[in-house]
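The values are calculated or read from the model by the stated rules, or taken from the named source; none is laboratory data. Because the structure is a prediction, the values reported are computed rather than measured. Here the Cβ positions follow ideal geometry from the backbone for every residue, glycine too, while neighbour counts run over all protein chains shown. These area figures cover heavy atoms from the full protein model, side chains too; ligands, DNA and RNA do not enter into them. Shrake-Rupley method; radii C 1.70, N 1.55, O 1.52, S 1.80 Å.
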Amino acid sequence: MRDKLLTTLRRITGMFASFTAGQKAVTIFAVLAIIIGGYFFATWASKPTLAPLYSNLAAADASAVVDKLAAGGVTYELANGGQTIMVPQDQVYNLRLQMSGAGLPAQSDSGYALLDKQGVTTSEFMQQVGYQRAMETELANTIKAIDGVKLATVHLAIPKKDIFSADSVKPTASVLVGTVPGKSLTQSQVDAIVHLVASSIEGLDADQVTVADATGKILAAGGKTTGASGAGDAQSQQTGSFESRMGSSVQAMLEQVVGPGHAHVSVTADLDFDQTETKTLTYTQDPKIAPLSETHTTEGYSGGGGTGSTGVLGPDNISVPSGTGTGSYSKTSETKDNSIGSVIETRKAAPGKVRRLGVAVVLDQATAKNLSTAQVEKLVSSAVGLDTTRGDTLAVSTMSFDQSAAKATAQDLAAADQATKQDQLLSMAKTGAMIGGILLLVMFALLAGRRKKKAGLTAAEKAQLREAQEALAEARARATAALEAPPELPALEMASGPVLDPVLEGQQREIAAMVERQPDEVAIVLRSWLADQRTGANR
């Protein structure tokens with residue numbers, strides 16, 4: 001086994017010694033590149049995956065945690081301006097337990113931890129201040145959890161309660177938020193901040209919370225986000241969304257006829273956002289249902305006049321006769337108490353009803369020559385649900401579109417495309433030139449190596465090569481003499497050996513030609529022969 005290794009090592013050393021300076025440099029460079037590449041690959045493969053250990057740490061807590069990790073020899077990285085500590089993913093939970101056992105992160109100057117330091121000797125004023133500071137910090141940390149909020153600061157103004165005062169002052173709050181770059185808070189997020197703060201402090205109303213961003217813009221002033229201002233923004237967004245959706249659908253329909261970019265649709269909508277409620281009371285009675293109670297009354301009278309003198313006294317106290325005769329009287333009445341049902345109907349009108357709609361359509365004259373304006377109006381009216389009774393309007397016009405901007409854009413795109421192609425061609429040319437140069441250097445090194453190998457054989461190799469060439473020449477001469485001998489001579493047998501035939505002569509030529517064409521391969525074969533001869537002699 002040892003002899004084989006030594007033989008292999010000698011061959012490799014001999015092959016490397018036979019290389020030219022250029023080949024040696026290329027070989028050494030390739031070996032170094034493989035070693036360095038393997039080192040970096042092994043380093044990258046062995047690098048652990050990092051995960052956040054803690055986020056949004058205070059400066060003091062981050063410093064304490066980093067010192068603890070450094071003392072334990074744990075690999076870590078800082079992110080988010082030093083507020084986030086990254087550690088190997090498989091050690092996150094163990095490190096958290098260790099840090100918790102060490103009392104980290106302490107957060108001794110924030111949150112409800114402030115209340116832990118208050119003792120029985122703490123004054124009422126300090127208790128109130130500590131409670132206020134704790135609430136401010138906890139609210140700030142809660143607001144930071146909202147998507148898009150990077151920093152948050154809360155200030156509370158909580159008045160002191162006085163049991164002997166009839167007038168009570170309500171608390172107020174102000175919030176300063178900082179968003180991540182390129183992102184802004186939506187109206188719903190601002191409302192969430194307002195109601196979150198208002199619901200966390202006793203006696204604090206939403207209209208007493210002010211929210212501002214880092215640029216100084218007021219996002220909520222005294223709860224107005226939930227009143228007229230917030231409602232106005234929501235109504236504007238809903239109106240714009242309705243107009244955009246309606247205009248896009250009509251424009252997409254028209255572009256199928258006149259082509260993309262040859263039609264423009266503008267929609268203006270007046271939406272009713274009033275919340276109305278209508279109540280209707282209706283009484284009903286079913287004739288098939290029997291009445292609850294029924295009363296019938298009948299009155300009648302009949303008879304003749306009396307013989308006595310009856311009447312009233314006159315002006316002189318003289319009785320005036322009233323007359324005599326017969327008469328009759330009859331009266332009938334009926335009363336029914338029926339059951340009456342009532343129906344109360346309440347309707348609430350949802351906001352967003354269209355009160356008026358205005359649609360304007362402009363078509364490119366170059367592509368809309370064969371279109372009828374009446375047909376376009378009919379199509380658009382059906383698409384938007386036009387109602388002339390409520391005052392909706394529709395205007396369709398055909399005009400020449402300005403194509404200068406489109407042409408300039410097309411030219412810019414073409415120029416950019418051409419520049420990109422030129423850059424690609426230039427890059428390919430550079431790469432090709434680099435590869436060609438490397439190939440030329442390799443070919444030049446190989447050719448130079450062959451020349452050097454051919455001219456730089458050792459004395460033993462040259463003697464061995466000369467002996468082979470002389471033996472081949474002698475065999476060729478004997479074969480030529482045998483071929484020129486008279487035919488009556490017996491078979492040629494000389495002491496020096498048998499005569500070569502034409503096949504051997506052809507092999508001789510091939511060997512000589514191979515020595516001329518491939519001297520380096522012949523030299524390697526000769527070296528292996530010499531090495532085998534030396535090994536046999538040693539044995």
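Okay, here's what the table says:
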read-out: Sequence of Arg245, Arg390 when ordered by accessible area, the most exposed leading, probe 1.4 angstrom; value: Arg245, Arg390
read-out: Calculated FRET efficiency for the pair Thr239/Ser397, C-beta based, R₀ 25 Å, to 0.05; value: 0.55
read-out: Heavy atoms of His264 accessible to a 1.4 Å probe, total area in Å² rounded to 10; value: 110 Å²
read-out: Gain upon complete extension [Gln89, Lys183; 0.36 nm per residue less C-alpha separation]; value: 30.9 nm
read-out: For Asp61, solvent-accessible area (1.4 Å; no DNA, RNA or ligand), Å²; value: 10 Å²
read-out: Residue order for Val190, Val354 - accessible surface, 1.4 angstrom probe, largest first; value: Val354, Val190
read-out: Per residue value of the accessible surface for segment 362-431 (all protein chains in place, 1.4 Å probe), Å²; value: 72 Å²
read-out: Amide proton proximity set for Phe401, modelled H, under 5 Å, gap of 5+; value: Gln365, Ala366
read-out: FRET efficiency, 1/(1 + (r/R0)^6) with R0 56 Å, evaluated for Ile218 and Lys378 via beta carbons; value: 0.70
read-out: Extension gain, Asp412 back to Ala70 (0.36 nm per residue minus Cα-Cα distance, nm); value: 117.5 nm
read-out: Segment Thr268-Lys161, extension gain: residue separation times 0.36 nm, minus the distance between their alpha carbons; value: 33.1 nm
read-out: Accessible surface ranking that places the most exposed of Val211, Val343, Val129 first, with a 1.4 angstrom probe; value: Val343, Val129, Val211
read-out: Exposure of Met443 as accessible area (Å², to 10), given a probe of 1.4 Å and all protein chains; value: 110 Å²
